[in-house]
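The values are calculated or read from the model by the stated rules, or taken from the named source; none is laboratory data. Computed from a predicted structure; not experimentally measured. Ideal geometry is used to build each Cβ from the backbone, glycine not excepted, and the neighbour counts take in all protein chains shown.
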Amino acid sequence: MCLIKQKLKTKHYQYLYLKYKLEQKQEKMYWYNDHCGFDTNKEDKRLDHLWFWLERINNKYNYA
């Protein structure tokens with residue numbers, strides 16, 4: 001039983017880590033768009049897709 005709890009805890013932290021990394025990437029992309037004027041549409045779509053994917057995982061397993 002302890003191994004199962006540890007595995008769930010690990011997955012929970014993996015989820016939080018991925019969510020944190022996506023938030024950092026989004027902030028960096030907003031900065032590039034605002035200050036440098038780079039076109040970030042493709043990257044924005046990719047980050048949105050990953051964000052919705054993480055939300056579906058959270059809804060299924062309730063990690064957050």
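In segment 49-64, the residue that is modelled with the lowest pLDDT out of those that are part of a helix (DSSP H, G or I) and more than 9 Å from the chain's Cα centre (by Cα) is 61. The single condition among (1) in contact with a helix residue (DSSP H, G or I) (Cβ under 6 Å, 6 or more places away or on another chain); (2) part of a helix (DSSP H, G or I) that residue 30 does not meet is (1). The number of residues in segment 21-43 being surrounded by 12 or more Cβ atoms within 10 Å (Cβ to Cβ) and closer than 30 Å to residue 8 by Cα comes to 4. Quick check: is even one residue across segment 33-46 assigned to a loop (DSSP other than H, G, I, E, B) and among the aromatic types (Phe, Trp, Tyr)? Yes, segment 33-46 contains a residue that is assigned to a loop (DSSP other than H, G, I, E, B) and among the aromatic types (Phe, Trp, Tyr).
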